[in-house]
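Novice: Questions regarding the structure given below will be posed in turn.
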Amino acid sequence: MTVTRLPSAALSLKQFLQRQRVLGIYRNMLRAIRQVPDEADRKYLRDWARDEFKRNKNATEQDAIRMMITQANNHLEELQKSLALAKS
């Protein structure tokens, strides 16, 4: 019998990497939101991002998680493009 020190709820490597990717997207989204010039818009976007990530925090189905990552990346790209256009 093999004894392991890992807790039973330990993440697999794939889950760990996926979690890191999601956290990176979240951080990048918050960084981009900080660049929004209007205070009210910034607060709305920050609250929206937090709510969306919290709402999906306990998702476990891999296909759904991949879809949410794709959507989050698309939202982030749109926000970055909008900010770049606003600066021009």
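The values are calculated or read from the model by the stated rules, or taken from the named source; none is laboratory data. Source: prediction; values computed, not measured. Positions of Cβ are generated from backbone atoms using ideal geometry, with glycine treated the same way; all protein chains shown enter the neighbour counts. These area figures cover heavy atoms from the full protein model, side chains too; ligands, DNA and RNA do not enter into them. Shrake-Rupley method; radii C 1.70, N 1.55, O 1.52, S 1.80 Å.
Novice: Within segment 69-88, how many residues turn out to be part of a helix (DSSP H, G or I) and open to solvent by 50 Å² or more (accessible area, probe 1.4 Å)?
Specialist: So the count comes out to 13.
Novice: Right, here's the next one. Can you tell me which residue within segment 9-33, out of those that are of a type outside the set (D, E, K, R), assigned to a helix (DSSP H, G or I) and open to solvent by 50 Å² or more (accessible area, probe 1.4 Å), is farthest from residue 81 (Cα to Cα)?
Specialist: 13
Novice: OK, next. Please verify whether segment 24-34 includes one or more residues that are modelled with pLDDT of 90 or more and farther than 26 Å from residue 88 by Cα.
Specialist: yes
Novice: Continuing with the same structure: For segment 54-68, does any single residue satisfy the condition of being part of a loop (DSSP other than H, G, I, E, B), hydroxyl-bearing (Ser, Thr, Tyr), open to solvent by 100 Å² or more (accessible area, probe 1.4 Å) and without any contact (Cβ under 8 Å) to a residue 12 or more places away in the chain?
Specialist: There is at least one residue in segment 54-68 that is part of a loop (DSSP other than H, G, I, E, B), hydroxyl-bearing (Ser, Thr, Tyr), open to solvent by 100 Å² or more (accessible area, probe 1.4 Å) and without any contact (Cβ under 8 Å) to a residue 12 or more places away in the chain.
Novice: Tell me yes or no: at least one residue of segment 34-43 is in a helix (DSSP H, G or I), surrounded by 14 or more Cβ atoms within 10 Å (Cβ to Cβ), among the hydrophobic types (A, V, I, L, M, F, W, C) and in contact (Cβ under 8 Å) with a residue 12 or more places away in the chain.
Specialist: No, there is no match, as no residue in segment 34-43 is in a helix (DSSP H, G or I), surrounded by 14 or more Cβ atoms within 10 Å (Cβ to Cβ), among the hydrophobic types (A, V, I, L, M, F, W, C) and in contact (Cβ under 8 Å) with a residue 12 or more places away in the chain.
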